[in-house]
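In what follows, a structure is listed as structure tokens, so that the remarks can point back to it.
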Amino acid sequence: MKKKVLTVDDSRTIRNMLLVTLNNAGFETIQAEDGVEGLEVLEEANPDVIVTDINMPRLDGFGFIEGVRRNDRYRAIPILVLTTESDAEKKNRARQAGATGWIVKPFDPAKLIDAIERVTA
Amino acid sequence: MDMNEIKEIFFQECEEQLAELESGLLKMNDGDRDPETVNAVFRAVHSIKGGAGAFGLDDLVAFAHVFETTLDCVRSNKLEPTQDVLKVMLKAADVLADLTNAARDGGSVDQARSRGLVKELEALAHGELPSAPSAAEAAPKPVKAAAPAPAPAPVKAAPAPTDDSGFQPIPFSFDDDFGGDEASAGMPEYEVSFKPRSDLYAKGNDATLLLRDLTRVGEMSIHCNMDALPGLDQLDPEGAYFKWTISVKTDKGEDAIRTVFEFAEWDCELDIRLIEDAASPVGGDEELPMIPVPFDLSALDGDEPAVETAEAPKPKSDAAAAVAAAETASNVTQLAAAAARVEKKEAAAAAAAAAANAAAQNNAAAGAGQTIRVDLDRVDRLINLVGELVINQAMLSQSVIENDNNGASSINMGLEELQQLTREIQDSVMAIRAQPVKPVFQRMSRIVREIADMTGKSIRLITEGENTEVDKTVIDKLAEPLTHMIRNAVDHGVETPEKRTALGKNREGTVRLTAKHRSGRILIELADDGAGINREKVRQKAIDNDLIPADANLSDEEIDNLIFLPGFSTADKISDISGRGVGMDVVKRSIQALGGRINISSKPGHGSVFTMSLPLTLAVLDGMVVTVAGQTLVVPLTAIVETLQPEASAIHSFGANHRLISIRNSFCPLVDVGRILNFRATQANPVDGVALLVESEGGGQRALMVDAIQGQRQVVIKSLEANYTHVPGIAAATILGDGRVALILDVDAVVGASRGQSLKAEISYAAAG
């Protein structure tokens, strides 16, 4: 069965790239445009892994990750942060919130897929 | 979807982000200090940078990065967004837009300008204030710690600019091979000691997966130390009790092993060590670290028992055993999760509540409701179909009325409802294509900035009613005339700061752009508080250019309207800014082409106001239905000034073919529409018909002779060009209620065809009274 990835990113460009990359690599992809929508679709999407941006309107990546981890059903789901931010403090904040891993944007498709495979069963 | 399509989307998105950026900066310029405004501005630049990086648009990335760094200083309160700071940022936003356009269309940007702005932005980020007269403003907090400066002026920089935050654009490619290659035997051997903490599981990591992943790095043997596992009664289901010792044979180096634990590094104790007496590398190319590097410094507790290593002959199956053991551990975690599932609903509710809360907090900033993006073609198709429906409904009504004189009330009622519904559907469909004028208004603020800069003037653009909606087709055609008028207002209208001060006016000039709805049309007003029209100069110019006779007696309003005549320019010398060979006559014509009108009112010393009245859509037209030589024609209502029944005494012949009609002491040429369109061979007697006084391009009036007026009606415009071919004198066609096609008159073309006299003569008619 195809693994399901939920991507949360406010940039249409990045969403499309993720869609193409992930679909090409044989994943099923569900997309949300910000943290609020991410949490809304979570239940229905039931993803195997989440890839999220940090800078987003309404609810940013930190808040989204916290929201996911608060839900017991998703407390063990891997969450990869995909962002252009690379400073240690923000990385640390994302870890505290419960992020599994951190990938710096713009992403190398091979590295992204590799990272996803690494954290999903 | 391919790369080009994604790129197209990227540029569309850039446009939206640039608009967002500018409107945010303008809001900040007006004193808005809402963190969400600053965040939105930051996100806009950030987002452009992210996408540009993926496409390897290095110039764009480099500039966006510098911009973003400065914005981040504002975001973190290290830099006060004063008006001087915002002035730099607004200009930077313009450059960012130029770079985006250059990246899309392959054009070039003003390198000096962008380099200059990079320097200004960097100076701001380093706490240097822009040197401006307003130094008296509250001293902004300086930027903490002088961060290493990004490479100076990296606008045309090396392909992969690095900077202080370590951002490195990696061009995106779909051709990458996702497969990894398998390791072979006879390689250096590493000993990895790995002990997860329970946090590792809490963050969605899984020791099982890490070990599985390690098998991809090389051949490995594995040992699991379960000594720390307590009895069931003491077992914390969320605890982590296992410790693994793994030996890995690989020629990929220590980094490959580290990469596996990349995401786990904070939540485990990890030690990677090269076993020195292991086989020497096969390839020998790679330099391997000879000193064991402790991965997690905090893990060096020293109270860990010695690592037990049990090497088995078949590493893979051993690994599988370890995996099984690890699975037990992760199953234990899952058990805990299952136990906690009872509370799932509450937890989910809490999460939802939190999300809703966050959403509510951000709602104001998030703006209006949800939207979808629809291909414009689909909307056009729908509009077309609704047009057909409107026509069909009218036909149905008419035939029912004709056939059912007794008026079966149920049919009549149904028809009335149908009529109302069609009207509502039509309005709703038109509303789909309606958009706020905001993007056009925003573009104008850039033009004001640029021209103010070029002319050394200080100008404030105030926009009002920018959310007023109008059909997209109108918006698209509005930018050009507006741009020209704004240029004029700034270049000719508003005085220099020195002059303004001398006149006792505010040093800073004001240009006000307003949009509002009025009786089914959109009214756009452009007002400046400049010098107003110099009537003496305008008059003299018109006389010099032979546009009016020297003794013409014109009212102030008539003089003001002279600037709309072709070839008229009040500028003494043609400047770079407004002397582009385009005069106000072109502006007037493009407004008229939109079915609109333009008026000017000016007060010497106090400024000028241009008022444009435009239809809300180009798909529907208010027309006057007239009869000419047995044909039904539609004349756009916007062109008609008044209608009158000519009296024999008012008609004057002028040569064999020309006739004039005197209206309130001035003369106006009569144009027989039937004759011009070749509906009849000889001119009809004007006294038998009706004259429509129309205003055409150049401001000249003509009296169009038609046989009779049927009434006013809103008609759905059908393109003749698209369905047939261009017909001179005819703008488009429509279908009437009885199913007949009626042609819509192109007033300008008809007047043009009739033009036997020069414009000079025309003005003198108006002036003759």
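The values are calculated or read from the model by the stated rules, or taken from the named source; none is laboratory data. These numbers come from a predicted model, not from an experiment. Quick reminder, even Gly has a Cβ in these numbers, built from the backbone with ideal geometry, and neighbours come from all protein chains shown. Heavy atoms of the whole protein, side chains included, go into the accessibility calculation; ligands, DNA and RNA do not. Shrake-Rupley method; radii C 1.70, N 1.55, O 1.52, S 1.80 Å.
Side notes on the structure shown:
- Per-residue mean of foreign Cβ neighbours for B:41-53 is 5 (Cβ atoms of other chains, 10 Å radius).
- Heavy atoms of A:Arg73 accessible to a 1.4 Å probe, total area in Å² rounded to 10: 90 Å²
- Rg/Rh for region B:39-123, where both radii come from Cα atoms and Rh is the Kirkwood radius: 0.96
- Ligands, DNA and RNA aside, B:Arg713 has an accessible area near 110 Å² when probed at 1.4 Å.
- Chain A - accessible surface per residue (Å², probe 1.4 Å): 33 Å²
- Cα centroid separation, region B:188-206 to region B:55-123 (Å): 43 Å
- Segments B:661-669, B:467-475, B:19-27 sorted - mean Cβ within 10 Å per residue, highest first: B:19-27, B:467-475, B:661-669
- Shielding by partners for peptide A:2-12, expressed as the average number of C-beta atoms from other protein chains within 10 Å of each residue's C-beta, is 2.
- For B:Ser653, the accessible area of its heavy atoms, probed at 1.4 Å with every protein chain present, is near 100 square angstrom.
- Buried accessible surface for the A/B pair, both sides summed and rounded to the nearest 100, is 4800 Å² with a 1.4 Å probe.
- Applying a threshold of 24 Å to the alpha-carbon distances of B:Lys457/B:Lys603; B:Lys7/B:Lys718; A:Lys3/B:Lys249; B:Lys7/B:Lys49 flags B:Lys7/B:Lys718; A:Lys3/B:Lys249 as lying beyond it.
- Cα gyration tensor shape for region A:1-61, rounded if a/c is under 1.5, else prolate or oblate: oblate
- Three-way shape call for chain A based on the alpha-carbon gyration tensor, with the a/c threshold at 1.5: rounded
- Per-residue shielding of A:32-39, expressed as the average number of other chain Cβ atoms within 10 Å of the residue Cβ, stands at 3.
- With 25 Å as the limit, the listed pairs A:Lys91/A:Lys111; A:Lys105/B:Lys91; A:Lys91/B:Lys78 have A:Lys105/B:Lys91 beyond it between alpha carbons.
- Here the peptides A:9-22, B:44-57, B:451-464 are ranked by packing, the mean other Cβ count within 10 Å, and the order with the highest first is B:44-57, A:9-22, B:451-464.
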